[in-house]
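*Asks:* I have a structure here, written as structure tokens, and I will follow up with some questions on it.
What follows is calculated from the coordinates using simple rules that are stated; it is not laboratory data. Source: prediction; values computed, not measured. All Cβ positions, glycine included, derive from the backbone under ideal geometry; neighbour counts span all protein chains shown.
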Amino acid sequence: MDMQLGSARITRIEDYHGPGLAPEFMFPAIQKQMWHDSPEWARRFVDLPENRLLTSIHSWLVRTPHHTILIDSCIGNHKQRPSIPHFHMRDVPWLERLRAASVHPGDVDFVMCTHLHADHIGWNTQLKDGRWIPTFPNAKYLFNRREFDRWDSRRPDYAARPINDNAFEDSLLPVLEAGQVQFVEDGYSVDDILTVESAPGHTAGNVKIRVRSGGSEGMFAGDTIHHPLQLHYPDLCSHFDEDPGVALQTRIRMLNDCAERGSLLMPTHFAAPFCCRIAGHHANGGYLPDWNV
Ligand SMILES: [Zn+2]
């Protein structure tokens, strides 16, 4: 189903939707009582008997009057991710889903990654004749330089994280070597509709991407927020946040901004209905989402 924000047409391209990580792994500070102390909507995003967060991993496809843009590229197929079984050697019809939205890989003009964790860069490349090649032959891949350097395993100061084992080699370096990477700064804009904004904390060079057209606004949040429970408890920080304190400040600023501007919040990992608006504040200091978007 497409959404229209001004002249921007937005389509969700699914990689995975269903049970995900255990709540206490994703949010080390979570307490079981929080689910019961939350409004009813929060429990729609968890399988309590199975102790699994309900999650999604998807790309957002944005079509402006001039360009076709892919925001985040999920896990990818055939990637060696031995430390994360869920990401390891997948074979998912993600490209077929893209084609079902009437987009051929050659049509994509820009790939924008909110950050360079393995579940946001996988379809940057695909395996052809034993080699990783860019999936989108005509695209510029827009990366934040600081973020790219963070995951560059060739650097002597590289700090490895299991989530990104092999990811630089199979999903980033082939795109760089093909000459398709363009490093962009905070404030960089595509068609005056999409704007890159710094959102540090989850990773050093994490960004969010604002969409603004015809008086409508949206926010591609990436992993600045992971799960709807963080709307009610914004202080909950994810296991994957490299700097949880900074990530928290960034999350609060973004949610306040969405509340003030009436922006549609479009994270990467919210399960159905995948996005919401922020209607106001809850008495506990959290936010009141409006899921009827
Ligand atoms: Zn992610």
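*Asks:* How much mean residue ellipticity at 222 nm does the chain get from its helices, if each DSSP H run of length 4 or more adds -39500 (n - 2.57) and you divide by all residues, to the nearest 500 deg cm²/dmol?
*Replies:* Helices in the chain give a 222 nm mean residue ellipticity of -4000 deg cm²/dmol.
*Asks:* Treating only the Cβ atoms of Lys and Arg (+1) and Asp and Glu (-1) as charged, compute the dipole magnitude of region 195-259 about its Cα centre; round to the nearest 20 debye.
*Replies:* Rounded to the nearest 20 debye, it is 240 debye.
*Asks:* What per residue convex hull volume, in Å³, comes out for region 162-293 when only alpha-carbon positions are used?
*Replies:* So the per-residue hull volume is 124 Å³.
*Asks:* In addition: Put +1 on the Cβ of every Lys and Arg and -1 on every Asp and Glu Cβ in the chain; which of Phe240, Val103, Gly187 then has its Cα farthest towards the positive end of the dipole?
*Replies:* The residue sitting farthest along the positive end of the dipole is Val103.
*Asks:* So, by mean Cβ neighbours within 10 angstrom, what's the order for 187-195, 61-69 with the highest one leading?
*Replies:* 61-69, 187-195
*Asks:* Let me ask something else. Over the alpha carbons of region 2-290, what is the largest minus smallest coordinate on each principal axis, giving the biggest first in Å?
*Replies:* 54, 44, 36
*Asks:* Rounded if a/c is under 1.5, else prolate if a/b is larger than b/c, else oblate: which is region 95-243, with a ≥ b ≥ c the root eigenvalues of its Cα gyration tensor?
*Replies:* Cα axes put region 95-243 in the oblate bin.
*Asks:* If you wrap region 39-157's Cα atoms in a convex hull and average its projection over all directions, what's the area in nm²?
*Replies:* Approximately 10.9 nm², given one-decimal rounding.
*Asks:* Kindly rank 103-110, 266-273 from highest to lowest mean number of other beta carbons found within 10 Å of each residue.
*Replies:* Highest mean packing first, the order is 266-273, 103-110.
*Asks:* Give the Rg/Rh ratio for region 194-238, taking Rg as the radius of gyration of the Cα atoms and Rh as the Kirkwood radius, to two decimals.
*Replies:* 1.03
*Asks:* Between the helical axis of 244-261 and the dominant principal axis of the chain, each derived from Cα atoms, what acute angle in degrees is found, rounded to the nearest 10?
*Replies:* 80
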